[in-house]
Every structure is written in structure tokens, then in C-alpha cells.
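All remarks here apply to the structure that follows.
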Amino acid sequence: MVKSLTHQSEKRKQLEVALIKAGKIHSQSDLVRELKAEGLDVTQATASRDLQELGAMRTKGNDGIMKYVLDGASQLPNGSHLILSVASSANTVVLRTPPAAAQFVASTLDAAIVAQELPLAIGTIAGDDTVLVIAASATGGEELAKSIESMFGRGK
């Protein structure tokens, strides 16, 4: 029984990835509806959990419409468009982003921190269009800012 449930979950997640990549998922209720159309009856709680496990993030597309994308700057045509400006001071970096992009940028940075790909940082806080990044050292803000710019293709 457990094996068949795992198989069903894996198949459902493969379908969810395909739906996200196709740009069809703008909300959790969209995902529930699309899965139902494919013969899968899931609750919104299951859809929410699946989106989180897949690393899907809700962000504004080039057309200005919110939709889910799979985590990581590599999902975007050009990550440098996500960072409008970078300022550093002591152990902090402040990133300005387009409206509604800060959560996506912060999540990408948090994933890099956890994966130890951005060891100069210890965490982020995001609003709508601003991300605060905290450096690991008391004077590491400037070096961290350069590292983030490079990560998003804004290196000078």
C-alpha cells in the first residue's frame, strides 16, 4: 500500500512539474483544477505541500501576471533583471527588485546559503521589492554584495 501511494505521489509531482513548466499554474486552486482535469482528486493542502516540496515559487512573469515557476534563477531568462540595485553597509546588503520579485530572490539566496554556495551570508528578509541579506561577518557586506551581483549575472 505504501509503495503504491509513493508511486501515485511521484506521478502527481511529475504532472505538476509539467503544468508549472507549461505556465498553467497561477495559484494553488489552478493546480487543484488542472490535476482534477487529469483525473487526480487532491485537496488544496496537498497542492500546497507539493508546490513547496517541488520548490515552486510564485512570481510575476514578464506579462505582469503572477504564476508558479520552479525554484532557482536558472528558471528565468536573465537573472540580472531581478536585481535593480545593490547597496551594502557593514554586514548588510540591500537588494531592490521589481515589484513582487523579492520573495523569489530571497528564496534563491536562501537555497544558495543552505547549499553552502553563498557562505558569506547567513540569511535574508524579503518584502515586496526589497531584500535584506545579512553577511556572516561584521564587515562582510561589500564582499557579499559583489558575490550576489556575480550570482545574478550583474558582475561588473
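Each value in this text was obtained by applying a stated rule to the coordinates, not by laboratory testing. Quick caveat: nothing in here was measured; it's all calculated off a predicted structure. All Cβ positions, even for glycine, are placed from backbone atoms using ideal geometry, and neighbour counts span all protein chains on display.
A few comments on the model shown:
- As a proxy for reagent exposure, ranking Ile134, Ile20, Ile148 by other Cβ atoms within 10 Å from fewest up yields Ile134, Ile20, Ile148.
- Each helix, a run of at least 4 DSSP H residues, gives -39500 (n - 2.57); summed and divided by the residues of the chain, these come to -13000 deg cm²/dmol at 222 nm.
- Positive-end ranking of Asn62, Leu84, Gln116 along the dipole of the chain, with charges on Cβ about the Cα centre, is headed by Asn62.
- Derived scalar couplings ³J(HN,Hα) [the range 144-153; Karplus, 6.51 cos²θ - 1.76 cosθ + 1.60; whole Hz; x for Gly, Pro]: 4, 4, 5, 5, 5, 4, 5, 4, 9, x
- For the chain, the relative contact order is 18 percent, taking Cα pairs closer than 8 Å that sit 6 or more residues apart in sequence and dividing their mean separation by the residue count.
- Charge tally in the Cβ shell below 15 Å around Asn91, where Lys, Arg are +1 and Asp, Glu are -1, Asn91 excluded: -1
- Taken about its Cα centre, the range 2-70 carries a charge dipole of roughly 60 debye when the Cβ of each Lys and Arg holds +1 and the Cβ of each Asp and Glu holds -1.
- The alpha carbons of the range 79-151 give a radius of gyration and a Dmax of 10.7, 30 Å, in that order.
- In terms of its C-alpha gyration tensor, the chain comes out prolate, because a/c is 1.5 or above and the ratio a/b outweighs b/c.
- Size of charge dipole - the chain - debye, nearest 20, with Cβ of Lys, Arg +1 and Asp, Glu -1, no other charges: 300 debye
- Sequence of Met151, Met57 once ranked by neighbouring C-beta atoms within 10 Å, starting from the fewest: Met151, Met57
- In nm, spacing of pseudo-spin labels at Gln8 and Ala138 (7 Å Cα→C-beta vector): 5.7 nm
- For the pair Thr130 and Ala90, label points projected 7 Å from Cα toward Cβ lie 1.6 nm apart.
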